[in-house]
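Enquirer: I am attaching a structure below and will ask some questions about it afterwards.
The values are calculated or read from the model by the stated rules, or taken from the named source; none is laboratory data. These numbers were taken from a predicted model, which means no experiment stands behind them. Note that we place each Cβ from the backbone using ideal geometry, even for glycine, and neighbour counts take in every protein chain shown.
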């Protein structure tokens with residue numbers, strides 16, 4: 001395996017995708033029966049990914065070398081967090097120079113499906129008797145407009161990490177010890193009220209929760225679903241941020257923020273960002289993804305006892321609604337090695353990688369048969385991640401402008417609403433109207449008939 005960590009310098013492609021991308025497409029077809037490794041000298045596959053958190057352990061374990069030996073290939077791996085760059089991805093596909101296999105920007109990848117630059121893998125899966133819906137938990141866009149373009153890799157539902165030590169010291173209830181995981185937002189608020197201490201000193205302040213409070217899809221989106229509402233109508237491909245239940249949920253989060261229960265972005269940054277604020281004991285709760293578990297565990301470094309709870313419900317007996325996600329791999333249609341490229345993404349979704357993650361408690365496997373092994377952890381309730389798929393759950397609202405809209409929503413909340421320049425009502429109404437006019441769906445309605453939250 002050749003590993004590159006230096007970021008390449010590619011020109012940004014400012015032109016629209018469309019016909020330019022379509023002209024760059026090749027016509028790769030499935031390989032021979034059974035997809036047997038080719039004979040002769042090993043061929044070189046190029047593989048670009050930004051996903052250090054879960055790829056580093058695979059590399060360190062020597063699993064890539066195992067794949068190379070079993071498949072008669074050499075993998076040129078470009079693994080660098082800076083690779084997550086839509087300008088670079090667009091430049092590749094416009095020029096027809098994309099790597100063979102890419103783990104790209106899952107929020108925006110559907111635009112490349114729409115323009116025909118990603119290899120459709122349905123025939124490969126059929127040949128290998130792989131049924132994605134049967135065998136894997138999915139993130140929502142592996143199948144797009146009836147065609148399968150992406151192979152699952154990781155399962156990344158959100159849950160609530162919490163500081164058991166702080167709760168115990170404050171005499172507050174524990175989501176598991178006292179409530180058996182059946183807790184509500186009111187329970188969470190009561191726990192925060194007993195534990196947070198915000199006096200304007202960033203060296204000692206403890207906030208109630210570190211969450212992406214002004215993220216449409218994460219904290220606020222999960223709240224909207226939990227309140228029984230929807231922030232987007234997937235079937236109709238439009239935002240519904242200005243609906244009554246959405247407004248109610250947004251105002252609920254807003255009052256938490258005003259009462260200093262939510263850690264502000266500026267404080268998060270000052271404390272080092274990422275998982276450092278929670279690891280330093282500066283927030284009682286942390287709403288975050290399954291993929292963050294290993295990082296959170298390292299940040300805590302045995303400084304306090306922690307656990308993981310499901311996202312709380314609005315009312316007792318009704319679970320909260322979390323969002324599930326993932327970062328699948330795709331094969332570029334211009335590849336000269338479609339069979340070998342497919343074999344790599346199939347392998348990354350197979351027993352060698354998924355089983356390794358499960359046994360070493362690194363990441364929740366997307367391959368269902370390995371999830372029980374991962375959730376057998378006796379120290380923390382990691383099963384909440386797998387359980388997220390057993391109750392209603394949400395997914396990301398993906399279209400041509402998803403990434404930009406998510407960013408603009410956060411800017412609007414922070415710079416307009418929190419700054420007192422606009423009311424929540426006006427802001428949500430204006431954003432809904434504007435963003436709905438900017439959605440492009442391509443040749444089909446990709447979520448036709450889908451109701452989100454998704455009921456298993």
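Enquirer: Tell me whether the range 183-192 contains one or more residues that are under 30 Å from residue 136 (Cα atoms) and under 23 Å from the mean Cα position of the chain (by Cα).
Expert: Checked the range 183-192: no residue is under 30 Å from residue 136 (Cα atoms) and under 23 Å from the mean Cα position of the chain (by Cα).
Okay, residues lined up against (1) surrounded by fewer than 24 Cβ atoms within 10 Å (Cβ to Cβ); (2) in contact (Cβ under 8 Å) with a residue 40 or more places away in the chain; (3) more than 28 Å from residue 317 (Cβ to Cβ):
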{"residue": "107", "(1), (2), (3)": "yes, yes, yes"}
{"residue": "169", "(1), (2), (3)": "yes, no, yes"}
{"residue": "179", "(1), (2), (3)": "yes, no, no"}
{"residue": "201", "(1), (2), (3)": "yes, no, yes"}
{"residue": "204", "(1), (2), (3)": "yes, no, yes"}
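Enquirer: OK, next. Scan the range 173-193 and tell me whether some residue there is in contact with a strand residue (DSSP E or B) (Cβ under 8 Å, 6 or more places away or on another chain), over 22 Å from residue 289 (Cα atoms) and at pLDDT 95 or above.
Expert: yes
Enquirer: From the list 384, 295, pick out the single residue that is outside the structural domain of residue 99 (by TED's automatic domain parsing) and closer than 26 Å to residue 81 by Cα.
Expert: Answer to the check: 295.
Enquirer: Another question, then. Just checking, how many residues over the range 425-456 are part of a loop (DSSP other than H, G, I, E, B) and under 25 Å from the mean Cα position of the chain (by Cα)?
Expert: 17
Enquirer: I'd like the full set of residues that are in a helix (DSSP H, G or I) and either out of contact with any helix residue (DSSP H, G or I) (no Cβ under 6 Å at 6 or more places or on another chain) or without any contact (Cβ under 8 Å) to a residue 40 or more places away in the chain (or both), limited to the range 260-269.
Expert: The answer is 265, 266, 267, 269.
Enquirer: Name the strands (runs of 3 or more DSSP E) wholly inside the range 1-114 in which the number of residues that are at pLDDT 95 or above and within 20 Å of the chain's Cα centre (by Cα) is 1 or more.
Expert: Values: elements: 2-4, 43-49, 73-79, 101-103.
Per the criteria, 43-49, 73-79, 101-103.
Enquirer: Right, next: I want to confirm something. Restricting to the range 260-269 and keeping residues that are under 22 Å from the mean Cα position of the chain (by Cα) and farther than 21 Å from residue 422 by Cα, which single residue is surrounded by the most Cβ atoms within 10 Å (Cβ to Cβ)?
Expert: Of everything passing the filter in the range 260-269, 263 is surrounded by the most Cβ atoms within 10 Å (Cβ to Cβ).
Enquirer: Consider residue 208 carefully, then state whether it is in contact with a strand residue (DSSP E or B) (Cβ under 7 Å, 6 or more places away or on another chain), in contact (Cβ under 8 Å) with a residue 24 or more places away in the chain, in a strand (DSSP E or B) and on the phi < 0 side of the Ramachandran plot. Let's see the steps before the verdict.
Expert: Values: in contact with a strand residue (DSSP E or B) (Cβ under 7 Å, 6 or more places away or on another chain): yes; in contact (Cβ under 8 Å) with a residue 24 or more places away in the chain: yes; in a strand (DSSP E or B): yes; on the phi < 0 side of the Ramachandran plot: yes.
Yes: the conditions hold for residue 208.
Enquirer: Those residues that are part of a loop (DSSP other than H, G, I, E, B) and at pLDDT 95 or above, I need them from the range 338-375; list them, please.
Expert: 349, 350, 364, 366
Enquirer: Does at least one position in the range 140-150 carry a residue that is within 20 Å of the chain's Cα centre (by Cα) and either assigned to a helix (DSSP H, G or I) or assigned by TED's automatic domain parsing to the domain that holds residue 189 (or both)?
Expert: Scanning the range 140-150 turns up no residue that is within 20 Å of the chain's Cα centre (by Cα) and either assigned to a helix (DSSP H, G or I) or assigned by TED's automatic domain parsing to the domain that holds residue 189 (or both).
Enquirer: Starting from residues that are in contact with a helix residue (DSSP H, G or I) (Cβ under 8 Å, 6 or more places away or on another chain) and closer than 18 Å to residue 447 by Cβ, keep the ones in the range 203-231 and report whichever is modelled with the lowest pLDDT.
Expert: Selected residue: 217.
Enquirer: Among the numbered criteria (1) out of contact with any helix residue (DSSP H, G or I) (no Cβ under 9 Å at 6 or more places or on another chain); (2) more than 27 Å from residue 248 (Cα to Cα), which single criterion is violated by residue 360?
Expert: Among (1) out of contact with any helix residue (DSSP H, G or I) (no Cβ under 9 Å at 6 or more places or on another chain); (2) more than 27 Å from residue 248 (Cα to Cα), residue 360 violates only (1).
Enquirer: Restricting to the range 371-401, count the residues that are surrounded by 21 or more Cβ atoms within 10 Å (Cβ to Cβ) and farther than 20 Å from residue 231 by Cα.
Expert: 5
Enquirer: Give the range 232-259 a look and list any residue that's without any contact (Cβ under 8 Å) to a residue 60 or more places away in the chain and either under 21 Å from the mean Cα position of the chain (by Cα) or in a helix (DSSP H, G or I) (or both), or say none.
Expert: Result: 233, 244, 245, 248, 249, 253, 255, 258.
Enquirer: Another question, then. Specify which of the listed residues (281, 229, 272) is part of a loop (DSSP other than H, G, I, E, B), out of contact with any strand residue (DSSP E or B) (no Cβ under 8 Å at 6 or more places or on another chain), assigned by TED's automatic domain parsing to the domain that holds residue 451 and surrounded by fewer than 17 Cβ atoms within 10 Å (Cβ to Cβ). Reasoning before the result, please.
Expert: Details: 281 fails: out of contact with any strand residue (DSSP E or B) (no Cβ under 8 Å at 6 or more places or on another chain); 229 fails: surrounded by fewer than 17 Cβ atoms within 10 Å (Cβ to Cβ).
After applying the criteria, what remains is 272.
Enquirer: Checking the structure you have, find out if any residue of the range 233-248 is crowded, with 23+ Cβ neighbours inside 10 Å, in contact with a helix residue (DSSP H, G or I) (Cβ under 9 Å, 6 or more places away or on another chain) and closer than 27 Å to residue 172 by Cβ.
Expert: No - not one qualifying residue is present in the range 233-248.
Enquirer: If you go through the range 122-137 one residue at a time, do you hit one that is buried (at least 22 other Cβ atoms within 10 Å of the Cβ) and free of Cβ contacts under 8 Å to residues at least 40 places away in the same chain? Walk me through how you get there before you give the answer.
Expert: Step one: of the range 122-137, the residues buried (at least 22 other Cβ atoms within 10 Å of the Cβ) are 124, 136-137.
When the remaining residues are screened for being free of Cβ contacts under 8 Å to residues at least 40 places away in the same chain, the result is none.
Among the residues of the range 122-137, not one is buried (at least 22 other Cβ atoms within 10 Å of the Cβ) and free of Cβ contacts under 8 Å to residues at least 40 places away in the same chain, which makes the answer no.
Enquirer: Follow-up. Taking the options 315, 335, name whichever one is part of a loop (DSSP other than H, G, I, E, B), under 30 Å from residue 148 (Cα atoms), touching a strand residue (DSSP E or B) at 6+ places or on another chain (Cβ under 9 Å) and in contact (Cβ under 8 Å) with a residue 60 or more places away in the chain.
Expert: Step by step, each of 315, 335 is checked, and only 335 is part of a loop (DSSP other than H, G, I, E, B), under 30 Å from residue 148 (Cα atoms), touching a strand residue (DSSP E or B) at 6+ places or on another chain (Cβ under 9 Å) and in contact (Cβ under 8 Å) with a residue 60 or more places away in the chain.
Enquirer: Filter the range 386-424 for residues that are touching a helix residue (DSSP H, G or I) at 6+ places or on another chain (Cβ under 6 Å) and part of a helix (DSSP H, G or I) and give the result.
Expert: 386, 405, 412, 416, 417, 424
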